[in-house]
Amino acid sequence: MDMLVAERLRREAPSLADILGPDAPPLRRRSKVVAVMPAYNAATTLHATVADVPPGSVDKIILVDDGSTDDTVAIAQEMGLEVIVHEQNRGYGGNQKTCYRRALAEGADIVVMIHPDYQYDSRVIAAAVNIIELGICDIVLGSRIRSRAEALAGGMPLYKYIANRFLTAFENILLGQNLGDFHSGFRVYRRAVLETIPFERNSDDFVFDTQFLVQAVHFNFRLGDIPVPVRYFKEASSINFKRSVRYGLHTLWTVAEYWLQRLGLRRSSLFSS
């Protein structure tokens, strides 16, 4: 997505008032839904992400800025989002901790976490929320891997695709799950999940996401997923090869910690109530 396209999306995107306003068609849901966006330098993609949120699908959008050096905060405030600013970068996991604390304080029944970098499709929020409300799942992820051809055509680097397939297969087997993408940045949680999982003990780095899902399995929550398009482009956030390797190793260790705890060989604070 080049800068001209990003600027057009910014001009055309509705404000939060447009999305949640009185003219929005009523959505048949019973829950208070809060969307949280962990943001870092998302100025060129924030409008596009918010513009795709289905009218009436959320009650509030909260953006937590993790020390951005661009205009993310100003743009978010201009759009009418609630904005929380970290003066210093706390890391991806540290950002999410603030997101979830605030969403729970807002009284959210369901919390949607979506990256504001337009890599994930916010149009599917209503569908994911509906699955939670129907009592089918406690956690719904957006799976980017509907097919290999689609993932690669969407710009996913080959090494990331291979790593994703290996790690997801490993996690599915060792954790007894059947998810299409264990490493998605689109997640929807029932309130009880966030109240039960001790996420404050998790890493402030990217492995936070893996730790959270392994904890969800430990606490017997039901995980499911829905397909989302693959979008890799220059403005979308993505960690480099070196950090990807470190993330992969930490993922393997987190699953190992789960099994050591389960076998009674080693206790971890990640799995303590």
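The values are calculated or read from the model by the stated rules, or taken from the named source; none is laboratory data. If you're wondering where the values come from, they're calculated on a predicted model, not measured in any experiment. Cβ atoms come from the backbone with ideal geometry, glycine included; neighbour counts cover every protein chain shown.
For the reader, a short list of remarks on this structure follows.
- Any hit, segment 100-110, residues being without any contact (Cβ under 8 Å) to a residue 12 or more places away in the chain and not polar (S, T, N, Q): yes
- Where a residue in segment 221-239 is farther than 12 Å from Gly185 by Cβ and crowded, with 18+ Cβ neighbours inside 10 Å and its partner, wherever it lies, is among the aromatic types (Phe, Trp, Tyr) and at pLDDT 85 or above, with Cβ under 8 Å and at least six apart: Glu235/Tyr118
- First in segment 127-149 and of a type in the set (Phe, Trp, Tyr), second anywhere and surrounded by fewer than 17 Cβ atoms within 10 Å (Cβ to Cβ) and modelled with pLDDT of 95 or more, Cβ under 7 Å, 6 or more apart: none
- Residue tally, condition surrounded by 19 or more Cβ atoms within 10 Å (Cβ to Cβ), in contact with a strand residue (DSSP E or B) (Cβ under 8 Å, 6 or more places away or on another chain), among the small types (Gly, Ala, Ser) and farther than 21 Å from Ile110 by Cβ, over segment 48-67: 0
- Verdict on Val255 being in contact (Cβ under 8 Å) with a residue 40 or more places away in the chain, crowded, with 17+ Cβ neighbours inside 10 Å and within 27 Å of Ser122 (Cα to Cα): no
- A search for C-beta distances below 8 Å between a residue of segment 195-206 that is within 13 Å of Cys99 (Cα to Cα) and any residue that is among the small types (Gly, Ala, Ser) and modelled with pLDDT of 95 or more, counting only pairs 6+ apart in sequence or on different chains, returns Asp204/Gly91; Asp204/Gly93; Asp204/Gly94.
- With respect to the conditions (1) β-branched (Val, Ile, Thr); (2) under 22 Å from Ala127 (Cα atoms); (3) surrounded by 23 or more Cβ atoms within 10 Å (Cβ to Cβ), Thr45 falls short on a single one, namely (2).
- Considering (1) assigned to a helix (DSSP H, G or I); (2) surrounded by 21 or more Cβ atoms within 10 Å (Cβ to Cβ); (3) touching a Leu at 6+ places or on another chain (Cβ under 8 Å), the lone condition that Val124 does not fulfil carries the number (3).
- Of residues in segment 98-108 being surrounded by 19 or more Cβ atoms within 10 Å (Cβ to Cβ) and touching a helix residue (DSSP H, G or I) at 6+ places or on another chain (Cβ under 9 Å), the one nearest to Pro38 (Cα to Cα): Tyr100
- A residue that is farther than 14 Å from Leu213 by Cβ, within 17 Å of the chain's Cα centre (by Cα) and buried (at least 21 other Cβ atoms within 10 Å of the Cβ) occurs nowhere in segment 76-86.
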